[in-house]
Amino acid sequence: MRLLIVLSGPIAVGKSSFGDELIKLSGALKVSTRKFIQTRTGTLDDRRALQAAGDQLDIDTGGAWVVDAVSERESQEASDAVLLLDSVRIVPQVAALRARWGDKVFHVHLHAQDEVLSRRYLSRPPHLKEFATYEEVRLNATEASVGALCEIADLVLDADHVAPETLAATALDWREGPGVRERAALVDVIVGGQYGSEGKGNVCAHLAKHYGVLMRIGGPNAGHLVKEPEYKYVQLPSGTGSNPDAKILIGAGSTLWLPQLLREIMDLKLTSERLSIDPQAMVIDDEDRRLEAGALGSISSTKQGVGAASARKIANRGATPMLGPPVCLARDVAQLRDFVRDVRAELDKHFANGTRVLLEGTQGTLLSIHHGFWPSVTSRETSAAGCLSDAGISPNRIRKVIMVVRTYPIRVGGTSGWMGRNLTLADVSKRSGISLDEFRKVEKGTISGVERRVAEFDWAQIRRSAELNGATDIAVTFADYLGVENRKATTFNELNEAARDFIVRLERVAGTAVTLISKEFALDGVIERNF
């Protein structure tokens, strides 16, 4: 045996989940104290009876029976095996293990505050509770002395607010990790470079096949229409249906409108194994939508309650709500219980496996609450940096920042704010050769349903957006608006002169290569160019 990992901690601290994750990461072989007690004493599989039998073994052997449990398994395994003893309960047990195996013993103790332990214990199903209340647990002699193990452990980890996956990785790194670890750049971020509705969704759906994880932040004020297969995504990543094998993550900085989210989960037939929603994602209340419907008409908001919900998440941190109803997070919603888990821990697992992640931003850079043209802005930071913050991903995980750019920028119809030199759909129809009727069907807000405003391309704003986002790639969309004939192109050289010239000049101004060109809303609508 190369290493013996020994676990301790109070009831309900999460030793079982922690041990399971250690086994996954290290390949350790489990030594079950429960099974050993049953075999040695003939005790039935009853928690109270097993507790009493274990207490008696401690009395009879001075705690040394755990050495027999480990020795029995050690004799069956290779000399370089890692064993994991799932639980020790008293100091003499650890002393006996150290006397037998010395420095090979790695004792990890989990700790949590009493209120956390009580909550976890009471949430257990009845057959897993030895006692009716956590107060009775504390009165048990063995359980009352568990704090002494904290004093002698090699490593003590606080398990109050950290997922077992992260605890396990931390423990193994502490004991025998590689030292300073390189963080592989595995994340590609896709953001809009203008005022939203740049066609990010269809680009995401096209690229989804390249990734093992698709992640979405933002809220239901941005809808993404895709072609493969055709669907309007409001809460889920736009490639969810395009790559059915990818894991789906919704980050802590997201805002959730439950009717829409549950509809998409049902439509896409997502299982809890595939979808993970961070417990701290904010849930929109009916009152949030009512408030925005009355207050934000002057900026042509989509009025989905995202800003009001975000404001409540900030304002209502005290015991008494300052703004509207109390905060409700994803962890508080019964319908989401099977999907809620620590998304940062999920990301850690995917990063450890070298899995590539596509992080999908919502809306556009020029709608940023900080860097857009206030007050005609959205309620969040829409740049790549804001997306990373909402997702819980560090900048050194970034491989690419893909900025999506329309040939003609658009904004929500009405009084939605400055957009440079405005055009009419008739103007673009005349220039492109696309019928005005087609424009009027297409150029409506995915969420608002209102006809969009359109403008000339703003070169200076695109340069600004490229700098702000640190764009490494640009995806140009609506190339057919520079000539309907571009819909037939399959390569860059087959685009018309206007489109080729536009792309060359865009690369000069933005200082970034155009690697994706969307020529039409179709299954084969995206041209890859050295992507």
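Put a plus charge on the Cβ of each Lys and Arg, a minus charge on the Cβ of each Asp and Glu, and nothing anywhere else: the dipole of the range 381-512 about its Cα centre is then about 120 debye. Taking 0.36 nm per residue of separation and subtracting the current Cα-Cα distance, fully stretching the chain between Ala513 and Asp501 would add 3.0 nm.
With a simple spin-label model that places each label point 7 Å from the Cα along the Cα-to-Cβ direction, the separation between Arg175 and Ala319 comes to 4.3 nm. The slack between Ser394 and Glu438, meaning 0.36 nm per residue of separation minus the straight C-alpha distance, is 11.6 nm. Think of it as helices only: each DSSP H run of n ≥ 4 in the chain is worth -39500 (n - 2.57), and spread over all residues that comes to -10500 deg cm²/dmol at 222 nm.
How would the range 375-531 be classified by its alpha-carbon gyration tensor: rounded, prolate or oblate, with rounded meaning a/c under 1.5 and the a/b versus b/c comparison settling the rest? Cα axes put the range 375-531 in the oblate bin.
For the range 52-187, the square roots of the Cα gyration tensor eigenvalues, ordered a ≥ b ≥ c, give a/c of at least 1.5 with a/b no greater than b/c, which places it in the oblate category. Between Asn140 and Ser298, the simple label model (points 7 Å from Cα in the Cβ direction) yields a spacing of 6.2 nm. Measuring nothing but how far apart in sequence close Cα pairs (under 8 Å, 6+ apart) lie, relative to its length, the range 103-255 scores a relative contact order of 18 percent. Fraction of C-alpha pairs exceeding 15 angstrom in the range 422-504: 66 percent, rounded to a whole number. Each Cα pair under 8 Å and six or more residues apart adds its separation to the average, and for the range 216-275 the resulting relative contact order is 37 percent.
To the nearest 10, the accessible area of Ser17 is 60 Å² with a 1.4 Å probe.
Helix 459-469 axis versus longest C-alpha principal axis of the chain: approximately 0°, rounded to the nearest ten.
Sorted by accessible area (1.4 Å probe), largest first, how do Ile314, Ile5 line up?
Correct descending sequence by accessible area is Ile314, Ile5.
Of the cross-linked pairs Lys209/Lys247; Lys232/Lys444; Lys227/Lys519; Lys200/Lys269; Lys200/Lys400; Lys15/Lys129, which ones have a Cα-Cα span greater than 19 Å in the structure shown? Those over the limit are Lys200/Lys269.
Sites listed here are trypsin sites (Lys or Arg not before Pro) in the range 454-531 whose DSSP assignment is loop and whose Cβ has at most 12 other Cβ atoms within 10 Å, and the list is empty.
Once the Cβ-Cβ distance between Leu44 and Glu230 is put in as r, and R0 is 51 Å, what FRET efficiency do you end up with, to the nearest 0.05? Once rounded, the FRET efficiency stands at 0.30. In the range 1-61, the C-alpha radius of gyration followed by the widest Cα-Cα span (Dmax) gives 13.2, 36 angstrom.
Working from the Cα coordinates of the range 189-259, the gyration tensor eigenvalues give, after taking √(5λ), semi-axes of 17, 15, 12 Å in decreasing order.
Amide hydrogen proximity for Ser242: with H placed 1.01 Å from N in the peptide plane, no residue at 5 or more positions away or on another chain lies under 5 Å.
Can you tell me the relative contact order of the range 250-385? Whole percent, Cα pairs under 8 Å, sequence separation 6 or more.
Result for the range 250-385 is 23 percent.
In straight-distance terms, cross-link reach from Lys313 covers every one of the aspartates and glutamates whose alpha-carbon lies under 13 Å from its own, apart from those fewer than eight places away in the same chain; here that gives Asp285, Asp288. Cβ-Cβ distance of Arg124 and Trp374, R₀ of 41 Å, FRET efficiency by 1/(1 + (r/R0)^6): the value works out to about 0.25.
Other residues whose C-beta falls under 11 angstrom from the C-beta of Glu130 contribute a net charge of +1, scoring Lys and Arg +1 and Asp and Glu -1. Oblate is the label for the range 30-104, because a/c, from the alpha-carbon gyration tensor with a ≥ b ≥ c as root eigenvalues, is 1.5 or above and a/b does not exceed b/c.
Using only alpha-carbon positions in the chain, the gyration tensor eigenvalues give semi-axes of 55, 25, 18 Å once each is multiplied by 5 and square-rooted (largest first). Among the trypsin sites (Lys or Arg not before Pro) in the range 361-434, those placed in a DSSP loop whose Cβ has at most 12 other Cβ atoms within 10 Å are Arg421.
The values are calculated or read from the model by the stated rules, or taken from the named source; none is laboratory data. Since the structure is predicted, the reported quantities are computational estimates derived from the model, not experimental observations. Glycine also receives a Cβ, built like all others from the backbone with ideal geometry; neighbour counts cover every protein chain displayed. Accessible surface is based on the protein model in full, side chains and every heavy atom, while ligands, DNA and RNA are left aside. Shrake-Rupley method; radii C 1.70, N 1.55, O 1.52, S 1.80 Å.
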